[in-house]
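Read the structure below first, then the notes.
The values are calculated or read from the model by the stated rules, or taken from the named source; none is laboratory data. From a predicted model like this one, the values you see are computed outputs, not experimental measurements. Note that we place each Cβ from the backbone using ideal geometry, even for glycine, and neighbour counts take in every protein chain shown.
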Amino acid sequence: MTRDLFNNQAVSALGGSMRDFRVQSGPDLARRGDAFYAWQNNRRANGLWPFSRSTEAGPGTVCAAADDRGNPIRGVNFASQDYLSMSSHPAIKETAIETIRTYGVHSAGSSALVGNTNLSVALERRLADYLQMEEAILYPTGWAAGYGIIKGLVRSADHIVMDTLSHVCLQEGANAATRNIYQFRHLDLEHCRSKLESIRARDTENGILIVTEGLFSMDSDTPDIAGFQALADEFGARLVVDVAHDFGALGDGTGHIGLQNMLGKVDLVMGSFSKTFASNGGFVACRSRALKEYLRFYSPSATFSNALSPMQAAVVLKALDIIQSEEGARLRASLMKNVHLLRQTLSEAGFEYYGDPSAIVAVKMGSEGLARLVSRRIPELGLLSNLVEYPAVAKGAARFRMQVMAGHKEENIRDAVAILREAVDAARTDLDMLTGSRDKAFLAA
C-alpha cells in the first residue's frame, strides 16, 4: 500500500456516512459544506474516497482514469453504465459527427418553444411505437424525466404510493409535489394495496400515483408489473414504471415491461437513455396526446430546460436502430453471457450478490469499513467498480455495483473477480489489524 493506513485519521475515515452531514444549521449558508468536506477530505487523504473519478478516453471495457486528486488509475472497467457498449460503436460515433455537421451542437431552446428538431420529433414517435404507447415526450436527462413526471402530474391534494427503494429522482419529485407520500415495502403488492385502501377509505376525490421501477439498480430485482397495474386500475390510481436500467438491454430490448407482456398496458413509462443508448436524456411514454401536451407545459423540467441537442436525439435514434436489429439481439446475448459468467465466477470465488441476472451485479460487502478498505485497494490492482454505501443502501449492506457491458471479454471478468478477491482478503487483514475485530460497531456507523 502506498499510504500509511495505521493512524487515527485512517481509522476515523472508516466511520460515518454522508447522511451525517445532510442537515446542517447555522446562519451562514456558505459554511454548510465545511463539516462534510473535512470528513470527505479525511477519507480522501487516506485513499478511502472512491468517488468523482474521471476517465481519460471514455467508458471502455479497460480504461485509464484519474481519482478526484488527479492520481492516475488504469484497469478493467466495471464502473460505467454502457450496457450494450454503444458509446464506442462506430455507427453511433459517425452519427454524432454527421449530425453536428448538419445541425450544430445545441438545441437552443425548450421543447415548449423552438428547441425541437425533426430528429427529436422522430425519436418521440419511435419510442412510443416501440413501447406500444400512444405518445412520448423527451426530457433533457433521465433524472429530469423522473422528477418531471411526478411534479408535472401530482398536485398538493393528491397522493403518491411508492416503492421504498424508488430512485431519488422519483422521491425528490414526490417531495416537491405533495406531502401525501406513502412508501410500501420493496416489491410488496399487498403492502401497496393496504396503502391504497387506506387512502381511498378517506379520499375518493383526488388522484393517486403508484411509483415503481422495471429494474431496481441497487438490488437488480423487478416488480410484478401486471400486479401493480391491476392495483392502479382497482383503486382509480395511475402507475408509472421507471425503466432506466432494463429498457434496451433486457429481453427483446423492451425490458421487463416486454418480458412481462405489459407493452401498451402500463399507464406511464418513464426511462433514461444514459444506460444503454449512449446519450444523456430521458422520456415519458403515455396513452394520450392530451397528457403529453400537459406534461410539455406543466412539467417544469421539460418546460424550463433546453431540449436534447440534435446530436443526442440522433444518437438515440441510431441506438434504437441497432437495439431493434439482429445486431442488437447479439449484443444483448453477449451482455447476458457476460452477466452469467460474472455471477458464476463470483460464486466460485466465495462472493454473494443481489438480485436476478442483469447488467447490474451488486456484490455484497457488508460493513462500510470493510468496503472502504476494499475500494482503496482495487484501483491499485487494476479494477474500476463503484462502491455503494449508506445512505444509498441500508446501513451495513455496502456493496460494489459491478456494471457489465456487452463488450467485456472473459479475461476482463476473471481478472475483475480475482482482483476483488485479493482486495477483500487484504482488507479483512487490514481491518483486523486496525481494530482487533472486523465487527466493531463504529465501522458500520
- Query: What about Tyr83, is it at pLDDT 95 or above, within 30 Å of Asp267 (Cβ to Cβ) and in contact with a strand residue (DSSP E or B) (Cβ under 8 Å, 6 or more places away or on another chain)?
  - Reply: yes
- Query: Regarding Ser54, is this residue within 21 Å of the chain's Cα centre (by Cα), loosely packed, with under 13 Cβ neighbours inside 10 Å and at negative phi?
  - Reply: yes
- Hey, any hits in the stretch 63-72 for a residue that's in contact (Cβ under 8 Å) with a residue 24 or more places away in the chain, out of contact with any Leu (no Cβ under 7 Å at 6 or more places or on another chain) and in the same structural domain as Gly281 (by TED's automatic domain parsing)? no
- Message: Could you go through the stretch 31-46 and let me know if any residue there is of a type in the set (S, T, N, Q) and under 30 Å from Tyr83 (Cα atoms).
- Response: no
- Message: Please list, ordered by residue number, the helices (runs of 4 or more DSSP H) wholly in the stretch 1-109 having 1 or more residues that are among the small types (Gly, Ala, Ser) and within 19 Å of Arg377 (Cβ to Cβ).
- Response: 8-13, 34-45
- Task: All but one of (1) over 20 Å from the mean Cα position of the chain (by Cα); (2) under 25 Å from Ser358 (Cα atoms) hold for Ser87, so report the exception by its number.
- Result: (1)
- In the stretch 234-277, anything of a type in the set (D, E, K, R), in a loop (DSSP other than H, G, I, E, B) and out of contact with any strand residue (DSSP E or B) (no Cβ under 7 Å at 6 or more places or on another chain) is listed as Asp246, Asp252, Lys265, Lys275
- Message: List pairs: first residue in the stretch 205-227 and closer than 29 Å to His340 by Cα and assigned by TED's automatic domain parsing to the domain that holds Ala157, second residue β-branched (Val, Ile, Thr) and assigned to a loop (DSSP other than H, G, I, E, B) anywhere in the structure, Cβ distance under 6 angstrom, at least six positions apart or on different chains.
- Response: Gly214/Val243; Leu215/Thr222; Met218/Val393
- Task: Being touching a residue at least 24 places away in the same chain (Cβ under 8 Å) and surrounded by fewer than 18 Cβ atoms within 10 Å (Cβ to Cβ) is the filter here, so list the residues in the stretch 35-50 that pass it.
- Result: Asn42, Ala45
- Task: Would you check which residues across the stretch 166-183 are over 21 Å from Gly281 (Cβ atoms) and of a type in the set (Ser, Thr, Tyr) and list them?
- Result: Thr178, Tyr182
- Which condition number in (1) in contact with a His (Cβ under 9 Å, 6 or more places away or on another chain); (2) among the charged types (D, E, K, R); (3) under 22 Å from Ala394 (Cβ atoms) is the one that Glu172 fails? (1)
- For the stretch 286-294, state whether one or more residues are closer than 14 Å to Gly146 by Cα and in the same structural domain as Ser107 (by TED's automatic domain parsing). yes
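Can you tell me how many residues in the stretch 406-440 are under 15 Å from Ala359 (Cβ atoms) and in contact with a Gly (Cβ under 9 Å, 6 or more places away or on another chain)? Explain how you work it out, then say what you get.
In the first step, residues of the stretch 406-440 are kept if they are under 15 Å from Ala359 (Cβ atoms); the result is 406-408, 412-413, 416.
Narrowing the set further to residues that are in contact with a Gly (Cβ under 9 Å, 6 or more places away or on another chain) leaves 407, 416.
Adding up the residues that qualify gives 2.
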- Task: Kindly provide the set of residues from the stretch 396-423 that are surrounded by 22 or more Cβ atoms within 10 Å (Cβ to Cβ) and either at pLDDT below 95 or within 12 Å of Gly366 (Cβ to Cβ) (or both), ordered by number.
- Result: Ala398, Arg399, Phe400
- Task: Specify which of the listed residues (Ile360, Ile323) is in contact (Cβ under 8 Å) with a residue 24 or more places away in the chain, touching a His at 6+ places or on another chain (Cβ under 7 Å) and within 16 Å of Thr276 (Cα to Cα).
- Result: Ile360
- Item | Output for the stretch 367-395, where each listed residue is touching a Gly at 6+ places or on another chain (Cβ under 6 Å) and surrounded by fewer than 21 Cβ atoms within 10 Å (Cβ to Cβ) | Gly382
- Message: Checking the conditions here, which among Arg101, Arg69 is basic (Lys, Arg), over 23 Å from the mean Cα position of the chain (by Cα), exposed (fewer than 15 other Cβ atoms within 10 Å of the Cβ) and over 24 Å from Ala319 (Cα atoms)?
- Response: Arg69
- Task: Would you be able to say whether some residue in the stretch 202-220 is polar (S, T, N, Q), surrounded by 20 or more Cβ atoms within 10 Å (Cβ to Cβ) and touching a Ser or Thr at 6+ places or on another chain (Cβ under 8 Å)?
- Result: yes
